[in-house]
Amino acid sequence: MFEQNELFILKEIMLEVLTNWMISFGLDISTTNILARGILLVLVIVFSFISYWLAKHFILKGLRAIISRTETQWDDMILKEKVFSRLAHIAPAIVIYLFASIPFADYNWIISLVHGIALIYMIVMGILALNALLNAALAIYSTYEISNRIPIRGFIQVLKIIIYFLSGIFIISILINKTPMYLFSSLGALTAILMFIFKDAILGFIAGIQLSANRMVANGDWIEMPKYGANGNIIEIALTTVKVQNFDMTITTIPTYALITDSFKNWRGMSDSGGRRIMRSVNIDLNTIKFCSDEMLDRFSKIQYISNYVSEKKIEVQEKNKLKKIDESSLVNGVRMTNIGTFRTYVSAYLANHPKINKDMTLLVRQLAPTKHGLPIEVYVFSKEKAWENYESIQANIFDHILAVVPEFDLRVFQDPSGKDFNLIAE
């Protein structure tokens with residue numbers, strides 16, 4: 001109350017001084033009153049510009065000078081997002097709000113209009129400043145390693161929505177000249193409509209909490225989600241959407257809540273492990289599988305990776321057959337080495353000596369159940385390289401070699417007959 005009285009006395013004194021000064025030049029009272037109000041209005045506008053100039057060129061420049069000398073990065077982020085620049089715009093609005101009643105004394109409706117416009121302007125600039133501050137906070141958080149595991153973009157967006165909503169309430173209350181509580185009390189009837197409008201935002205917010213709490217996905221994770229045609233790395237986790245950059249460089253947008261309601265494959269475990277799995281089979285023609293003859297064993301003993309194995313196995317087989325007095329006139333009798341078994345041993349030895357295979361992880365060459373397409377020999381190993389291009393190159397080189405050595409063991413890779421095969425039969 002004391003401040004209002006002081007402001008009222010100030011207005012009266014300023015108007016009276018200007019009016020008396022103009023009357024001394026022989027002007028009538030009505031003219032001097034208008035001119036005095038005009039001069040005071042110009043002075044208020046000039047002071048508002050001066051306040052903006054001071055905030056922009058002195059305070060802001062001073063802050064920039066101080067920030068440039070600090071070693072921390074967070075203040076540079078705040079400066080980069082122009083938080084202080086937007087706050088500087090509030091200074092002239094404050095001057096106009098405080099002193100607008102001086103030139104417009106006794107015109108309450110004009111004072112109310114100017115105050116309302118100034119308040120709305122300050123709210124808008126405050127929103128922009130808070131928005132910039134939140135962007136700076138997100139940028140600062142992104143510099144830490146934890147940001148890849150626990151993204152907060154969705155939470156920042158929720159906070160922005162709340163700020164926009166509350167600011168909108170205050171602006172509307174100013175426009176209709178009602179208290180904000182009046183509008184808040186009226187929102188009960190609009191709850192269902194608001195729930196429908198913000199359905200995706202609410203679902204996304206809840207999904208974001210679950211994704212972060214359970215660490216289901218993070219920026220940089222490779223995920224597969226065939227339903228949405230996604231197969232690539234996550235580049236952004238937002239409130240309502242998750243952006244995935246596919247390996248063909250296209251971008252797929254997935255609703256955030258879909259990662260909770262639908263199934264997807266996350267390759268993070270592979271990325272965090274010591275290798276990437278290679279699991280592929282070679283189908284061997286069943287007609288080429290047979291016991292090893294002495295001539296075959298002599299050839300196999302010259303293969304470097306299995307020379308010791310063949311020599312030791314050959315002696316072992318002979319001793320077992322001799323011990324059991326096996327009639328060796330028939331290959332069916334007793335224990336015999338097979339070309340397919342020797343081939344599996346060779347592939348295992350080859351992989352064990354491969355420099356790009358992780359020996360600390362599973363290394364397995366196994367025989368699967370025979371099918372109409374032959375006998376599958378499956379390679380199950382892990383490459384040290386996890387990058388897609390290098391991984392594919394290693395896998396291709398391994399199977400190039402395996403396919404090339406199959407005939408050396410008197411085996412043949414199964415292949416469905418083609419037109420050329422039927423032509424050879426006809427001939």
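The values are calculated or read from the model by the stated rules, or taken from the named source; none is laboratory data. Quick caveat: nothing in here was measured; it's all calculated off a predicted structure. Because the Cβ atoms are built from the backbone with ideal geometry, glycine has one as well, and the counts that use them run over all protein chains shown.
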Near pairs, Cβ below 9 angstrom, 6+ apart or cross-chain, from region 145-172 (farther than 23 Å from Glu236 by Cβ) to any residue that is outside any helix (DSSP H, G or I): Ile172/Lys178
Flag for Lys356 being closer than 30 Å to Trp222 by Cβ, surrounded by 12 or more Cβ atoms within 10 Å (Cβ to Cβ), of a type in the set (D, E, K, R) and not assigned by TED's automatic domain parsing to the domain that holds Trp222: yes
Hits in region 357-410 - residues which are among the basic types (Lys, Arg) and either within 34 Å of the chain's Cα centre (by Cα) or assigned to a helix (DSSP H, G or I) (or both): Lys359, Lys384, Lys386
Number of positions in region 234-251 that are in contact with a Phe, Trp or Tyr (Cβ under 9 Å, 6 or more places away or on another chain) and buried (at least 17 other Cβ atoms within 10 Å of the Cβ): 4
Residue under evaluation Asp298, criteria (1) part of a helix (DSSP H, G or I); (2) closer than 24 Å to Gln367 by Cβ, criterion not met: (2)
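Which one of Thr362, Thr338 is closer than 21 Å to Leu286 by Cβ and either hydroxyl-bearing (Ser, Thr, Tyr) or not assigned by TED's automatic domain parsing to the domain that holds Phe300 (or both)?
On the way: Thr362 fails: closer than 21 Å to Leu286 by Cβ.
Exactly one of Thr362, Thr338 is closer than 21 Å to Leu286 by Cβ and either hydroxyl-bearing (Ser, Thr, Tyr) or not assigned by TED's automatic domain parsing to the domain that holds Phe300 (or both), namely Thr338.
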Candidates Ile303, Ile326, Ile284, Ile278 - the one that is of a type in the set (A, V, I, L, M), touching a Lys or Arg at 6+ places or on another chain (Cβ under 9 Å) and touching a residue at least 12 places away in the same chain (Cβ under 8 Å): Ile284
Matching residues, region 97-123, being within 42 Å of the chain's Cα centre (by Cα) and free of Cβ contacts under 8 Å to residues at least 24 places away in the same chain: Ile117
Among (1) part of a helix (DSSP H, G or I); (2) under 28 Å from Ile394 (Cα atoms); (3) small (Gly, Ala, Ser), the one test that Ser311 misses: (2)
Within region 259-282, tally of residues that are surrounded by fewer than 17 Cβ atoms within 10 Å (Cβ to Cβ) and closer than 22 Å to Val413 by Cβ: 2
Sole residue being under 25 Å from Met77 (Cα atoms), at pLDDT below 85 and surrounded by 15 or more Cβ atoms within 10 Å (Cβ to Cβ), chosen from Leu134, Leu138, Leu128: Leu138
Checklist (1) within 20 Å of Gly269 (Cα to Cα); (2) touching a residue at least 60 places away in the same chain (Cβ under 8 Å) applied to Leu368, failing item: (1)
Region 389-416, subset acidic (Asp, Glu) and without any contact (Cβ under 8 Å) to a residue 24 or more places away in the chain, residue surrounded by the fewest Cβ atoms within 10 Å (Cβ to Cβ): Glu389
Restricting region 314-356 to residues that are assigned to a helix (DSSP H, G or I) and charged (D, E, K, R), the residue that is nearest to Asp410 (Cα to Cα): Arg344
